[in-house]
Amino acid sequence: MSFLLKWGAGAVCLQSVVDMLVDMKTKEALEESELTDETKTILSQKVGEDSFNVIMALKGPPAIVEANENAPGDDAVKTEAVDLGWEKTGENFDDPWTKVKHVSRVREKISKEFTIEILATDDMMTELTFQERIKAKIYTSRVVFPLVDFDTSVDDETAKRVLDDLGYSPGKALPVTYNSDFDMLTDESFSRIFFAGMGSVLLVKQEKVSDSKHGPFVVDMPLQGLKIRDEDKFRSYGARIHFSADQVVTAIYDYAKAKEFLPNEVGWAAAKMLARTSAFLLMTAREHLIWTHFLVSNVAVREQTLHLPPNHPIRRLLTVFTFGATEVNINAFNTLVPNTCILHRSTALKYESLKDVFASSFSSSTIYEPFSEKKYNPALQKLIDEGKFPYASEGAEYYEVVRKFVKDWLDKAGDAATDKYATAFYKAMKATTKGQAYELPKMSEENAMVNMLSSIIFTVTAYHEIIGHVVDYTILPSKAGFRLTKRDPLHIDLQAFLYTEAVSASTSTRMPQLMNSFPNFFSAAGAPSWERDVWNTFQADLKSQSNKVQEDDAARDVEFKYFDPARFECSVSV
């Protein structure tokens, strides 16, 4: 017992020394920076005791800008570079490959049913060095950077000046939006989030038309059970949003307060902010992080590496769409998954509740369901038929463009599309969906392979675009973010706002655009000539679809630019 007491006292002393050293270095870096006096004062006074927050604000933007200045082009995808997991037995493209015994992986158990397993490297990156792994550990170390929460906020104009000074501005560390007149504050603009924005992914979950007096459409987010780590500072999550047949918000139910708010009532603006914050957290954690990055992109690159030789037509098909995916997903993991990671710090959640969100994201996943075959409730289907819900209509059109491309590719592949390697790959992919709301069917079912591959491509391109283009939601503290304070229920607090900008900026790191030739890959280095023919046809189809989307958007009252193939990258960025 005496030993434990001594060790406890020693640990406190050690923590004090570490805190002092980190604080000294942070204050020194802040003073030596070229920031304005206003920015230095705001960072020092409002979040200064959170050294990690200040360091991210100082170091994050330049790192993002540098990454984009050195972003890979389509010529970076090379046939000769694809070899992870296999050893070549000859010199020619068609020569056999031998599977290696072991490929290093990183694992993190989220729940009994869900473990994130990422390759330690991929074809286009080298394995993390010892120093890089230590650096990642330090950034999530509660000893070096303890979790401390503040609930002070600043107004939009002050926030904008601080962001510009730090380099967190569109065209620098943040991407430039292609949307216009999207303040999210008016009832019409708020409603746009769910009918012509990333919130569309939530609206489609409504299985039955609501019989509520408030209208037929509902977005329900019962998140009030998530545990808050400081209930004196932060609001609970959870809201149910009602919309009229005209696609305008009519009521919001606050689960934590057990109260319904109506337009123009006292508390209406705060109810909308609660709804935006609940939705943004949910979509970032579930649809973006877990579904897109870990259940699709990460699983696809891992299983193709483990089961398909580099010259196999299906691995050839997926290589462009998983280019750099392992490195991106490792970074996403380090930034958004561990205890005291940036995402955890920017929310109000206890870590056990954040893991609950991750676990439920796995079990609720329908990400492999063919997009063009999805069913919608009658009220939503009516909007689709009237051309008023482009998320569903343009998403289905693009999915069919992808499916045509995949069918053409597999037809050219011949027997290889169903050989022992293809079969092992499909079985492995199917196994990863066990326990999800939509499980992949048996490979023997009609179009099973085509649909799975099409869903992978659709997710890492179009779906990632709509749930990853978040600059509109994060550019001001009055728009959206990951938590709300009780002190100011209309703005994201400064500490969480700065962390949110780091996450938002990471989505600006670029991958090659999908509409490209990839000259060093298709039909390159001995690969079959039909690859180029199929890819060129796909590119022509993408161009036609892009033209259609742009024409349709020009004719709409409310813009929806997310599903223009000209905006898609070939693979996920963070």
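The values are calculated or read from the model by the stated rules, or taken from the named source; none is laboratory data. Just so it is clear, the structure is predicted and the values come from calculations on it, not from any experiment. Cβ coordinates were reconstructed from backbone atoms using ideal geometry, including for glycine residues, and neighbour counts include every protein chain displayed. Just the protein is used for accessible areas: all its heavy atoms, side chains included, with ligands, DNA and RNA removed. Shrake-Rupley method; radii C 1.70, N 1.55, O 1.52, S 1.80 Å.
If the condition is being surrounded by fewer than 24 Cβ atoms within 10 Å (Cβ to Cβ) and either modelled with pLDDT under 95 or not in a helix (DSSP H, G or I) (or both), then region 296-319 contributes 309, 310, 311, 312. For region 341-392, the helices (runs of 4 or more DSSP H) that sit wholly inside it and include 3 or more residues that are more than 22 Å from the chain's Cα centre (by Cα) and modelled with pLDDT of 95 or more are 378-385.
The C-beta contact set for region 80-93 (first residue at negative phi, second residue assigned to a strand (DSSP E or B) and open to solvent by less than 30 Å² (accessible area, probe 1.4 Å), distance under 9 angstrom, 6+ apart or interchain) comprises 84/119; 84/122. Considering (1) part of a helix (DSSP H, G or I); (2) open to solvent by 30 Å² or more (accessible area, probe 1.4 Å), the lone condition that residue 202 does not fulfil carries the number (2). Annotation note: Cβ proximity below 6 Å between a residue of region 274-289 that is among the β-branched types (Val, Ile, Thr) and a residue that is surrounded by fewer than 24 Cβ atoms within 10 Å (Cβ to Cβ) and modelled with pLDDT under 95 (sequence gap 6+ or interchain) occurs for no pair.
This table checks each residue for (1) open to solvent by 40 Å² or more (accessible area, probe 1.4 Å); (2) hydrophobic (A, V, I, L, M, F, W, C); (3) assigned to a helix (DSSP H, G or I).
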| position | (1), (2), (3) |
| --- | --- |
| 43 | no, yes, yes |
| 49 | yes, no, no |
| 58 | no, yes, yes |
| 61 | no, no, yes |
| 64 | no, yes, yes |
| 68 | no, no, yes |
| 71 | no, yes, no |
| 75 | yes, no, yes |
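The number of residues in region 222-247 being in a loop (DSSP other than H, G, I, E, B) and either more than 15 Å from residue 271 (Cα to Cα) or among the aromatic types (Phe, Trp, Tyr) (or both) comes to 13. Looking only at region 83-127, which residues are of a type in the set (D, E, K, R), more than 30 Å from residue 354 (Cα to Cα) and part of a strand (DSSP E or B)? Within region 83-127, 87, 88, 99 meet the criteria. When region 518-574 is filtered for residues that are crowded, with 21+ Cβ neighbours inside 10 Å and at positive phi, only 518 remains. Among the helices (runs of 4 or more DSSP H) confined to region 417-469, the ones with at least 3 residues that are basic (Lys, Arg), open to solvent by 10 Å² or more (accessible area, probe 1.4 Å) and under 16 Å from residue 303 (Cα atoms) are located at 420-432.
Applying the selection to region 193-238, what residues are farther than 24 Å from residue 356 by Cα and without any contact (Cβ under 8 Å) to a residue 12 or more places away in the chain?
Correct list: 211, 213.
The rows are residues; the columns are (1) open to solvent by 60 Å² or more (accessible area, probe 1.4 Å); (2) small (Gly, Ala, Ser).
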position: 186; (1), (2): yes, no
position: 198; (1), (2): no, no
position: 222; (1), (2): yes, no
position: 245; (1), (2): yes, yes
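Residue 260 passes every criterion in (1) modelled with pLDDT of 95 or more; (2) of a type outside the set (Lys, Arg); (3) under 30 Å from residue 99 (Cβ atoms) apart from (3). Across region 486-516, the number of residues qualifying as closer than 19 Å to residue 475 by Cβ, within 18 Å of the chain's Cα centre (by Cα) and not aliphatic (A, V, I, L, M) comes to 10.
Here residue 344 meets each of (1) over 22 Å from residue 117 (Cβ atoms); (2) in contact (Cβ under 8 Å) with a residue 40 or more places away in the chain with one exception, condition (1). Kindly evaluate residue 172 against the criterion of being modelled with pLDDT under 95 and either within 18 Å of residue 558 (Cα to Cα) or not in a strand (DSSP E or B) (or both). Considered against the rule, which asks whether it is modelled with pLDDT under 95 and either within 18 Å of residue 558 (Cα to Cα) or not in a strand (DSSP E or B) (or both), residue 172 comes out as yes.
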